[in-house]
1. Nearest 0.05, what FRET efficiency do ASP254 and ARG122 give at R0 = 25 Å with Cβ-Cβ as r?
2. All other residues with a Cβ under 10 Å from the Cβ of GLU88 taken together, and with Lys, Arg as +1 and Asp, Glu as -1, what is their net charge?
3. By count of other Cβ within 10 Å, fewest leading, how are LYS156, LYS231 ordered?
4. In which sequence would ILE108, ILE242 go, from the one with the fewest C-beta neighbours within 10 Å to the one with the most?
5. For each of ASP254, ASP110, ASP236, count neighbouring Cβ atoms within 10 Å of the residue's Cβ, then give the residues from fewest to most.
6. Can you tell me the order of 115-121, 73-79 when each peptide is scored by its average per-residue count of other Cβ atoms within 10 angstrom, highest first?
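None of the figures in this text is laboratory data; all of them are computed from the coordinates on show. Predicted model, so just to flag it, every value in this text is computed and none were measured. We place every Cβ from the backbone using ideal geometry, glycine too, and count neighbours over all the protein chains shown.
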Amino acid sequence: MKQQTAALMTLGMMVLLACCGIAAEERGRDPFERQVEFTAIGVPTLKNAPFSALVRSTWVRPTDDGDPHVLRSTARIMRDSAGQVRQEHWTMAPDDDQAQSVLEYISIMDPVNGTGTWCELRTHVCTVYGLNARFSSVPTGHMEKTGDSHAPNGDKIFNLHEDLGSALLQGVTTVVFRDTKTDEDIDNQNRKHHGRAQFQYWYSGELGFYLRRVVTSDETGRLSVEVTGLKRDEPDAQNFAIPEDYAKRAGQGDSPSPEN
């Protein structure tokens, strides 16, 4: 029973890391960490692949009374031909009161100057870090394999990886795949199923990131993050400049990741 409980906690933590910014807020974490968790996608500083788009996030949370609680946010994101990536970070708000959604941070990843900048709208202060090398890497779109794996705390997790073919999103061909993680081997009928989390991705090798990501769990509900309104034109260079009325200060170490 202790092993089953630990495995369930591990699965819950994996889903929380993938989607649950509101839960992070309830745990008392600061606004910077919250926004990184629930509105961002990971876009590499890929050259010669400019675009601009919106990132729409929807979280349907289960409640004790059975009525789902829906939270949403919409953020702008863009990349220029030099590989600079600018992304907004908004709070999620109830579906029936989107006025509560607040733009708190803007991040600018600049591979030309090797910097990652975070601008806080409340204080009008931009903190400039060194650019983490991970921002230049383009994921392959296949992160998992079928079989047993271990969480950082040592708990055993079984992963089922499924390749689901291709799909056209926003005029771009994507590779679709799904990973289902459980605390038991789902192919072994003699072992009872206790916990389950499912992650489905629509990955564009041409753009170098996921155009859609859906995470579902009985415990935390369903989170979808999707790129919409995609345009392949060159964004205005002014979008990647620090506003003149913002103070600038040096941060220590590499830039935090915009991706949850």
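1. It comes out at approximately 0.60.
2. Around GLU88, the charge tally is +1.
3. LYS231, LYS156
4. ILE242, ILE108
5. In order of increasing Cβ crowding within 10 Å: ASP236, ASP254, ASP110.
6. 73-79, 115-121
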